[in-house]
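Report on the following structure.
Quick note: the coordinates plus some simple rules give every number you see, no bench work behind them. All values derive from a computational prediction rather than experimental measurement. Note that we place each Cβ from the backbone using ideal geometry, even for glycine, and neighbour counts take in every protein chain shown.
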Amino acid sequence: MSRIARYLTHPQVQVDPLVPVPEWSLNAVGHARVAALAATPAALGRTNRIISSAEVKALQTAHPLADALGLAVETRPAMHENDRSATGFLPPDEFERVADQFFAHPTQSVRGWETAQAAQARILAEVDACLAGHAQGDVLFVGHGGVGTLLYCALAGQPIDRRFDQGPGGGGCWFEFDIATRKPASGWQPIETLLPSLTHS
């Protein structure tokens, strides 16, 4: 039986320009989406490990799911989102323009941000390190849209390109890949696509 790893991004957050982005929390919609998945833990199949970024919004996504499955959360600080501390909070329109440049010029630092190439190497190394000793069951990684997209591009053998991003909607999306082959089964899908699979199983 093949073993599956899923990469899940945190859903909607409470945007606060006065709080460092890594410390942002989920908002009411984000919490509700996580709660819906936690209420149907069998939707996560044979998951026996949950590994999360150390950012608050990722941990707030991971912990309810881990509690529902009776698991502990393994925290990996190096799974953080691409480092944007050089600019801090940016208004949405400006953020989108800079994010476009981040993906379009992966070897260049845009306004002091970590390069896409460096962020991709970092998240790929973290995933590989976590899976190196994993012998059985499925794995759930909980993280972020930017580095998640970079991970997807690497695993799918695609160049870094924002067209592979999870898209608008505030996050809360996932993709899965075979642990043995490291090949993604599909692109991003919203959390909610996991839920009907339980009712029809």
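What the table shows:
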quantity: Antiparallel bridges, percent of DSSP beta bridges restricted to the chain (to nearest 5); calculated: 40 percent
quantity: Exposure proxy order (Cβ contacts within 10 Å, fewest to most) of I191, I50; calculated: I191, I50
quantity: Exposure proxy ranking, count of Cβ atoms within 10 Å, fewest first, for T107, T40, T9; calculated: T107, T40, T9
quantity: Share of Cα-Cα pairs in segment 125-201 lying beyond 20 Å, as whole percent; calculated: 35 percent
quantity: Relative contact order %, segment 67-200, counting alpha carbon pairs below 8 Å whose residues are six or more apart; calculated: 20 percent
quantity: Three-way shape call for segment 1-71 based on the alpha-carbon gyration tensor, with the a/c threshold at 1.5; calculated: prolate
quantity: Net length gained if the chain between A185 and A32 were fully extended (0.36 nm per residue, minus Cα distance); calculated: 52.4 nm
quantity: Phi to ³J(HN,Hα) by Karplus 6.51 cos²θ - 1.76 cosθ + 1.60 over segment 40-46, Hz, x for Gly, Pro; calculated: 10, x, 5, 5, 8, x, 9
quantity: Pairwise label distance in nanometres, Q101 with R163, each label 7 Å out on the Cα-Cβ vector; calculated: 2.3 nm
